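The values are calculated or read from the model by the stated rules, or taken from the named source; none is laboratory data. None of these values were measured; they are calculated from a predicted model. Cβ: placed from backbone, ideal geometry, glycine included. Neighbour counts: every protein chain shown.
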Amino acid sequence: MKTETLEELNRKGFIEESIDPTLDLFEEIERLKKEKNAIILAHYYQEPDIQDIADYIGDSLGLSQEAAKTEADVIVFAGVHFMAETAKILSPEKKVLLPDLKAGCSLADSCPPHLFRKFKEKYPDHLVITYVNCTAELKALSDIVCTSTNAVQIVESLPKDQKIIFGPDKNLGAWVAKKTGRDMVLWNGACMVHEIFSREKITKLKERHPQARFIAHPECEDAVLKMADYIGSTTGLLKYTINNDAKEFIVATESGIIHQMEKANPDKTFIPAPPNNSCACNDCPYMKRNTLEKLYLCIKNGLPEVTVPADIIVQARKPIERMLEISAKLGL
Ligand code: 13P
Ligand code: SF4
């Protein structure tokens, strides 16, 4: 049974080690969690098995709130790299593990910090709000961080004449600008999963399911959002399916959330919104890099670990804490 060297691990991103096929991974993970005083935080886009073993499942805001308050020694982050980095920034004394270091994010990649720094220099009198889906380095260049749950309220908490740069998601930024009536300078970034939905195919699907509610995440393009009965973060979408009387929902976000929607509403049907080409799908290739096997090996070996340079932790913590303070005041 061979365990990777650190060098091999960093290259590959995850531990590759043979696992006894008779092992009950759920039982083993539970045992290791207790032994190491570890907590598993999982995003709604993770595969169902990971969601089912997690101690907490949530959206980006909920996950950062949990990371800030946990008393565990080890945070196993079943999500993507920027989420694990946020947990490390909020709890620097804890060990933060990510089952696969290559679980990145196309949206975070669409905003390289050196280019954003230059962009920011063009607007010296603007306040910088960044969506949490970005690197720790980008957060360090920001005044306030936001998530899709609190972006509108964070912008509304600022004086009306405050000039704002919003990055990296142009779709979320445009939606927030529309909802708040604020004029914001937007960075031109987007998420590869939320940009693939087809307006034409959704129209046809709605015709076939006239009673269905169409719900969408604000990372989707404006043309798709215009068709939606409800727009919200993953938690917002889940709550809407619980509180709304409809029996069918067409869901325009990553398909992982449907697991919780089905668990919460066994009598309702959820249809993933169709992508614009038959080769595409609504799965995030980064989120889905994590598997139950990688999660087990990661908690067992205490690797791979997510680290953030100390100076970035200090600078990036302020805008994240500002977001958490505003959210707490608003009861979010
Ligand atoms: P939320 O779960 O915060 O809505 O974010 C969605 C997302 O794209 C995470 O990568
Ligand atoms: Fe990034 Fe989009 Fe995947 Fe979320 S769904 S992690 S925004 S690529």
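Given the options 136, 216, 190, name the one that is within 16 Å of ligand 2 (Cβ to nearest atom), over 30 Å from residue 308 (Cβ atoms) and of a type outside the set (S, T, N, Q).
Details: 136 fails: over 30 Å from residue 308 (Cβ atoms); 190 fails: over 30 Å from residue 308 (Cβ atoms).
It is 216.
Given the criteria touching a strand residue (DSSP E or B) at 6+ places or on another chain (Cβ under 6 Å), of a type outside the set (A, V, I, L, M), under 21 Å from residue 240 (Cα atoms) and modelled with pLDDT of 95 or more, does residue 166 qualify? Working first, answer last.
Numbers: touching a strand residue (DSSP E or B) at 6+ places or on another chain (Cβ under 6 Å): yes; of a type outside the set (A, V, I, L, M): yes; under 21 Å from residue 240 (Cα atoms): no; modelled with pLDDT of 95 or more: yes.
No.
Tally the residues that are within 21 Å of residue 28 (Cα to Cα) and within 15 Å of ligand 1 (Cβ to nearest atom), restricting the search to the stretch 280-294. Walk me through it before giving the result.
In the first step, residues of the stretch 280-294 are kept if they are within 21 Å of residue 28 (Cα to Cα); the result is 289-294.
Within this subset, residues satisfying the condition of being within 15 Å of ligand 1 (Cβ to nearest atom) are 289-290.
Final tally of qualifying residues: 2.
How many residues does the stretch 211-245 hold that are of a type in the set (D, E, K, R) and either in a strand (DSSP E or B) or farther than 18 Å from residue 275 by Cα (or both)?
Residues that pass the stated criteria total 4.
Restricting to the stretch 281-321, give me the number of residues that are out of contact with any helix residue (DSSP H, G or I) (no Cβ under 7 Å at 6 or more places or on another chain), buried (at least 18 other Cβ atoms within 10 Å of the Cβ) and farther than 21 Å from residue 16 by Cβ.
Number of matching residues: 1.
In this structure, does residue 8 turn out to be among the acidic types (Asp, Glu) and modelled with pLDDT under 95? Spell out the reasoning first.
On the way: among the acidic types (Asp, Glu): yes; modelled with pLDDT under 95: yes.
It is true that residue 8 is among the acidic types (Asp, Glu) and modelled with pLDDT under 95.
Output the number of the condition that residue 97 fails; it satisfies all remaining conditions of (1) within 15 Å of ligand 2 (Cβ to nearest atom); (2) crowded, with 24+ Cβ neighbours inside 10 Å; (3) more than 22 Å from residue 263 (Cα to Cα).
(1)
Which helices (runs of 4 or more DSSP H) does the stretch 101-144 wholly contain that include 1 or more residues that are within 14 Å of ligand 1 (Cβ to nearest atom), surrounded by 23 or more Cβ atoms within 10 Å (Cβ to Cβ) and under 17 Å from the mean Cα position of the chain (by Cα)?
On the way: elements: 106-109, 113-121, 136-139.
Answer list for the stretch 101-144: 106-109.
Using the structure shown, decide if residue 239 is of a type in the set (D, E, K, R) and in contact (Cβ under 8 Å) with a residue 60 or more places away in the chain. Full working, then the answer.
Values: of a type in the set (D, E, K, R): yes; in contact (Cβ under 8 Å) with a residue 60 or more places away in the chain: no.
Against the criterion (of a type in the set (D, E, K, R) and in contact (Cβ under 8 Å) with a residue 60 or more places away in the chain), residue 239 does not qualify.
Taking the stated definitions as given, is residue 269 within 30 Å of residue 145 (Cα to Cα) and modelled with pLDDT of 95 or more? First the steps, then the outcome.
Values: within 30 Å of residue 145 (Cα to Cα): no; modelled with pLDDT of 95 or more: yes.
When the stated conditions are applied, residue 269 does not pass them.
Hey, can you tell me all the residues within the stretch 188-210 that are more than 16 Å from ligand 1 (Cβ to nearest atom) and within 21 Å of the chain's Cα centre (by Cα)?
So in the stretch 188-210, the residues more than 16 Å from ligand 1 (Cβ to nearest atom) come out as 188, 198-210.
188, the sole residue that qualifies.
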